[in-house]
Amino acid sequence: MFRRRGNNFGNDDEAMPSYPMHQSNKTKNNGMSKPSLFAYRYTTKGVIIFRAIVAVVILLCILWGCLIIKIARDISNDGGGNRLPRGLIVRPKIERHRFGNKLRQRIKRLELRLEGKSPMLDVNQMESPVLVFTFKRADYFERAMWKLYENHPAQKYVQQKSNLQERHDIGRTIGAPIIISQDGDDPEVKAVIEAYREAFEINLGIPLYRIEHYRPPEDKQEEVQIDSWDIDPKPYQDLARHYGWALEQTFSGAAYDLDTQHDRHISKPPLPQRVVILEEDIEIATDFFSLMNATADILDSDDTLLAVSGYNDNGKTQHVADSKRLVRSDFFPGLGWMMPRRVWDGVESHPNTALKNNWAPNGFWDDWIREPNIRLGRQVLRPEVSRTFHFGNIHGVSQNDVKHDLNQILLDRVGVQWEKEDLSYLKPEWFAESYWGRVSNAKLVSTEADAKFYIAHSDVRLVYNSLSHFETLAFNFDIMADEKAGIVRTGYEGIVEVRYGKGEFILFLTPPYVSEGSPPSTFGKKAWTNVDKTTLLQESFGLSIPSEEDWQMNW
């Protein structure tokens, strides 16, 4: 008889059924031996699976540990820790994988708790946001964001750690918070936004908001009929719609409710009093925000001003010299500018002048702002040496129309503490009187050759008698030759200036009305006057208003 003890189906002392050795296999298979064999095999298989699971878990933990160590080293090398020399600002890395980006953010949050650095900016200081427009040029956008991050005024408080506790007492911070308005949902652009959200919010304590303007698929967009000799207006119309939508979201405060995904706790900022406007292909100078901060109060209080711009259309290297000089201009340049709330919402004395009421209905938003019935004689402050550089020459709206000129604009490298400069000369009456004095006292010459000769020793004035004459002079002196809505580019009361040869003195191209006598009664005083293009040119050239036929022939 065969007996077995100690199986899992009873006590070890319990007698097991026995079967004669000569019984058939069928009889044996009906006994207790078969379940015991299956249990043994089942137990062995379970152990193998369990061991395999443990091995996989250990392997995953090792991989996670290696990944965490790598990202921690990257963060330490990229400005995340105290091991970096003070004053060093390192470019954020663009993490294109969502998992890696989230893990990096968690490590940065832990590091923040341990180090206790970069407190959030006081919400009361965030009334002057910077609004950045982007579409789908991620490489350009990243370059623009890097310069925005590198030159942001909050950097000085982070680099000077002794001042960290004073961030609640530093007053207004121009450029806070950051608002990125993305036209569409390009994933590469989103990756750039997330990288810089981490950089601004965790490293600098500046909130970054992303808002998305819906862009219908190409096959669902309305076709635009254009003449064969015209440029395609559709890209300009798309950009204008995006501009108007994003500006309203910003000034109304709705942008702060559209994006609630932040790396830190963010209190809702107050409504903006002014907005700094940049695009994905604009690089800013080191003192760009200082310029905006120093001129913000002037812009707020002077209702003869439309905006402050950091750009000079004639700011080529050979035409500018004085990094500390600002001027008033009748021409709106855009390309890195600041607009006050009163221009967007309108003012009580002129309620129908709000830009938001009928924003750029036909596209071409910048030319729309230049129209006499929109600008209403208001002027713009701009520097002689540009504080912005437009580098986007590929796949842009303008299709490289002025690529040659844009690439030669000098971006200031000196850096000026604008808050310490006396800017009282920019008051409209004072500037008009001073400017007229310098222009009218400049040496009057009759030829380009004489102008190029005498400019080495004194200011020079050369008269142009028509727009076609101005275009010829502009071409020969290598400056912008176009006119928009009766205003020559960069002009102040029809006067265009350049430092030909980058010297101390200025060449003034002037209309015939400029003389050595007293200025016209309206000189520098056209704000809030609704004069059309014809009237502006008539005043500039001292002519009677031409007929439509004469206009088309002569102008």
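The values are calculated or read from the model by the stated rules, or taken from the named source; none is laboratory data. Model, not experiment: these values are computed from the prediction. Using ideal geometry, Cβ is built from the backbone for each residue, glycine included, and neighbour counts are taken over all protein chains shown. Protein only, heavy atoms only, side chains kept; ligands, DNA and RNA dropped before computing areas. Shrake-Rupley method; radii C 1.70, N 1.55, O 1.52, S 1.80 Å.
What pairs can you find where one residue is in segment 461-479 and within 17 Å of residue 505 (Cβ to Cβ) and in contact (Cβ under 8 Å) with a residue 12 or more places away in the chain, the other is among the aromatic types (Phe, Trp, Tyr) and open to solvent by 10 Å² or more (accessible area, probe 1.4 Å), and their Cβ atoms are less than 7 Å apart, with a gap of 6+ or different chains?
So the pair list comes out as 477/500.
Okay, residues lined up against (1) farther than 30 Å from residue 455 by Cα; (2) among the basic types (Lys, Arg):
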{"site": "302", "(1), (2)": "yes, no"}
{"site": "316", "(1), (2)": "no, yes"}
{"site": "321", "(1), (2)": "no, no"}
{"site": "326", "(1), (2)": "no, no"}
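Sort out which residues of segment 464-490 are in contact with a helix residue (DSSP H, G or I) (Cβ under 9 Å, 6 or more places away or on another chain), not in a helix (DSSP H, G or I) and not charged (D, E, K, R), and write them in order of number.
Of everything in segment 464-490, those that are in contact with a helix residue (DSSP H, G or I) (Cβ under 9 Å, 6 or more places away or on another chain), not in a helix (DSSP H, G or I) and not charged (D, E, K, R) turn out to be 464, 465, 466, 477, 479, 480, 481, 485, 486, 487, 488.
Take the residues of segment 357-379 that are open to solvent by 80 Å² or more (accessible area, probe 1.4 Å) and in a helix (DSSP H, G or I): which is nearest to residue 328 (Cα to Cα)?
373
The conditions are (1) touching a Gly at 6+ places or on another chain (Cβ under 9 Å); (2) closer than 30 Å to residue 144 by Cα; (3) modelled with pLDDT of 95 or more, and residue 417 fails exactly one of them. Which is it?
(1)
Quick check on this structure: which one of 310, 346, 336 is farther than 16 Å from residue 408 by Cα, surrounded by 23 or more Cβ atoms within 10 Å (Cβ to Cβ) and either free of Cβ contacts under 8 Å to residues at least 60 places away in the same chain or of a type outside the set (S, T, N, Q) (or both)? Before the answer, list the steps.
On the way: 310 fails: farther than 16 Å from residue 408 by Cα; 346 fails: surrounded by 23 or more Cβ atoms within 10 Å (Cβ to Cβ).
The match here is 336.
In segment 151-162, which residues are modelled with pLDDT of 95 or more and over 11 Å from residue 204 (Cβ atoms)?
151
Condition check ((1) modelled with pLDDT of 95 or more; (2) surrounded by 19 or more Cβ atoms within 10 Å (Cβ to Cβ); (3) touching a Cys at 6+ places or on another chain (Cβ under 9 Å)) across all residues:
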site: 422; (1), (2), (3): yes, no, no
site: 425; (1), (2), (3): yes, no, no
site: 442; (1), (2), (3): yes, yes, no
site: 445; (1), (2), (3): yes, no, no
site: 453; (1), (2), (3): yes, no, no
site: 460; (1), (2), (3): yes, yes, no
site: 471; (1), (2), (3): yes, no, no
site: 486; (1), (2), (3): no, yes, no
site: 497; (1), (2), (3): yes, yes, no
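Filter segment 57-80 down to the residues that are open to solvent by less than 80 Å² (accessible area, probe 1.4 Å), at pLDDT 75 or above and of a type in the set (A, V, I, L, M) and list them by number.
57 - this is the single residue of segment 57-80 that is open to solvent by less than 80 Å² (accessible area, probe 1.4 Å), at pLDDT 75 or above and of a type in the set (A, V, I, L, M).
Kindly indicate the residue of segment 267-303 that is part of a loop (DSSP other than H, G, I, E, B) and open to solvent by 30 Å² or more (accessible area, probe 1.4 Å) and also modelled with the lowest pLDDT among those meeting that condition.
Among residues in segment 267-303 that are part of a loop (DSSP other than H, G, I, E, B) and open to solvent by 30 Å² or more (accessible area, probe 1.4 Å), the one modelled with the lowest pLDDT is 267.
Please tell me if residue 174 is among the aliphatic types (A, V, I, L, M), surrounded by 16 or more Cβ atoms within 10 Å (Cβ to Cβ), modelled with pLDDT of 95 or more and part of a loop (DSSP other than H, G, I, E, B).
Answer is yes for this residue.
Could you list all residues from segment 399-446 that are touching a helix residue (DSSP H, G or I) at 6+ places or on another chain (Cβ under 9 Å), touching a residue at least 12 places away in the same chain (Cβ under 8 Å) and under 22 Å from residue 508 (Cα atoms)?
408, 409, 410, 426, 427, 431, 443, 445
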